[in-house]
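The values are calculated or read from the model by the stated rules, or taken from the named source; none is laboratory data. Quick caveat, the model's predicted, so the values are computed rather than measured. The protein model used for the area step is the full one, side chains on, heavy atoms only, and it has no ligands, DNA or RNA in it. Shrake-Rupley method; radii C 1.70, N 1.55, O 1.52, S 1.80 Å.
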Amino acid sequence: MMMVTFGVRDALFGTAVLVALLLALLAAVVAGVLAWSDGGTVPASVSRAGVAFATTLGVMAGLLALFKR
(Lines give C-alpha, C1' and ligand atoms only; values in the text may rest on other atoms or scores of the structure.)
Protein backbone atom coordinates (compact mmCIF):
# COMPACT_ATOMS: atom_id res chain seq x y z
CA MET A 1 0.00 0.00 0.00
CA MET A 2 1.37 3.38 -1.04
CA MET A 3 1.05 6.24 1.40
CA VAL A 4 0.76 9.77 0.07
CA THR A 5 2.03 12.57 2.25
CA PHE A 6 1.76 16.27 1.69
CA GLY A 7 4.38 18.69 2.85
CA VAL A 8 4.14 22.30 3.84
CA ARG A 9 4.96 23.45 0.29
CA ASP A 10 2.04 21.44 -1.10
CA ALA A 11 -0.32 22.87 1.49
CA LEU A 12 0.81 26.41 0.75
CA PHE A 13 0.44 25.85 -2.98
CA GLY A 14 -3.07 24.49 -2.47
CA THR A 15 -3.92 27.55 -0.40
CA ALA A 16 -2.50 29.80 -3.12
CA VAL A 17 -4.68 28.08 -5.73
CA LEU A 18 -7.73 28.58 -3.54
CA VAL A 19 -6.88 32.26 -3.04
CA ALA A 20 -6.42 32.66 -6.81
CA LEU A 21 -9.86 31.16 -7.44
CA LEU A 22 -11.47 33.40 -4.85
CA LEU A 23 -9.80 36.52 -6.26
CA ALA A 24 -10.95 35.60 -9.76
CA LEU A 25 -14.48 35.08 -8.47
CA LEU A 26 -14.40 38.42 -6.67
CA ALA A 27 -13.17 40.17 -9.82
CA ALA A 28 -15.97 38.54 -11.82
CA VAL A 29 -18.66 39.60 -9.35
CA VAL A 30 -17.38 43.18 -9.21
CA ALA A 31 -17.13 43.42 -13.01
CA GLY A 32 -20.62 41.99 -13.46
CA VAL A 33 -22.20 44.30 -10.90
CA LEU A 34 -20.45 47.35 -12.31
CA ALA A 35 -21.50 46.46 -15.86
CA TRP A 36 -25.09 45.92 -14.76
CA SER A 37 -25.25 49.13 -12.71
CA ASP A 38 -23.88 51.06 -15.70
CA GLY A 39 -27.05 50.18 -17.58
CA GLY A 40 -25.91 47.05 -19.38
CA THR A 41 -28.19 44.13 -20.02
CA VAL A 42 -27.95 41.00 -17.92
CA PRO A 43 -26.35 38.89 -20.68
CA ALA A 44 -23.76 41.60 -21.34
CA SER A 45 -23.00 41.86 -17.63
CA VAL A 46 -22.60 38.10 -17.28
CA SER A 47 -20.36 38.07 -20.33
CA ARG A 48 -18.18 40.82 -18.87
CA ALA A 49 -18.02 38.92 -15.58
CA GLY A 50 -16.92 35.79 -17.42
CA VAL A 51 -14.18 37.66 -19.24
CA ALA A 52 -12.97 39.18 -15.97
CA PHE A 53 -12.96 35.74 -14.32
CA ALA A 54 -11.03 34.10 -17.14
CA THR A 55 -8.51 36.92 -17.37
CA THR A 56 -7.87 37.06 -13.65
CA LEU A 57 -7.58 33.30 -13.37
CA GLY A 58 -5.20 33.21 -16.33
CA VAL A 59 -2.92 35.79 -14.75
CA MET A 60 -3.03 34.02 -11.39
CA ALA A 61 -2.29 30.64 -12.99
CA GLY A 62 0.69 32.16 -14.77
CA LEU A 63 2.01 33.59 -11.51
CA LEU A 64 1.48 30.30 -9.70
CA ALA A 65 3.28 28.41 -12.45
CA LEU A 66 6.15 30.86 -12.20
CA PHE A 67 6.44 30.42 -8.44
CA LYS A 68 5.94 26.64 -8.48
CA ARG A 69 9.35 26.13 -10.09
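Below, the figures for the structure above:
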| read-out | value |
| --- | --- |
| Accessible surface of the chain [probe 1.4 Å, protein heavy atoms]: carbon and sulfur percent | 76 |
| Mean accessible surface per residue for the chain, computed with a 1.4 Å probe while every protein chain stays in place, in Å² | 79 |
| Angle between the chain longest axis and helix 8-37 axis [Cα atoms, degrees, rounded to 10] | 0 |
| Reciprocal of mean inverse Cα separation for the chain (Kirkwood radius, Å) | 13.6 |
